[in-house]
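Report on the following structure.
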Amino acid sequence: FLETAAYFCMKPKIGEKEVSPHSFFSIWREFSSDFKDLWKKENKLILQERVKEAEEVCRQKKGKSLYNIRPKHDSGIVSRTCSN
């Protein structure tokens, strides 16, 4: 524990000889909860950006039709009988 506290440059509070686990983990808990909240917000933003990109790709693909529609020509039996 003391090596870990030294790695993170934790110094004992005034009047204490060593860093107590309570003081270390209270700071660590605040850090980890803040980090978790920011992580969730960042992931949500990234997800929203990806959804927007996917929607844009879908819109572009819908704009380009994969088949051509030709106009209907009057060449059937009905067109021959109606025009006479």
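Per residue, segment 20-68 exposes an accessible area of 102 Å² to a 1.4 Å probe, with every protein chain left in place.
With a 1.4 Å probe and all protein chains in place, put I46, I14 in order of accessible area, largest first. Present the calculation step by step, with values, prior to reporting the outcome.
Values: I46 60, I14 175 Å².
Ranked list, largest accessible area first: I14, I46.
Annotation: aspartates and glutamates with alpha-carbon distance below 14 angstrom to K11 (same-chain offsets under eight excluded): E3.
These residues, W28, W39, go from largest to smallest accessible area, 1.4 Å probe, as W39, W28. Here the calculated FRET efficiency for S26 and A54, from their Cβ-Cβ distance with R0 = 35 Å, stands at 0.25, rounded to the nearest 0.05.
Modelled spin-label separation between E16 and L38, with each label point placed 7 Å from Cα along the Cα-to-Cβ direction: 2.4 nm.
The values are calculated or read from the model by the stated rules, or taken from the named source; none is laboratory data. None of these values were measured; they are calculated from a predicted model. Don't worry about glycine lacking a Cβ; one is built from the backbone with ideal geometry, like all the others, and counts go over all protein chains shown. SASA here: full protein model, heavy atoms, side chains in, ligands and nucleic acids out. Shrake-Rupley method; radii C 1.70, N 1.55, O 1.52, S 1.80 Å.
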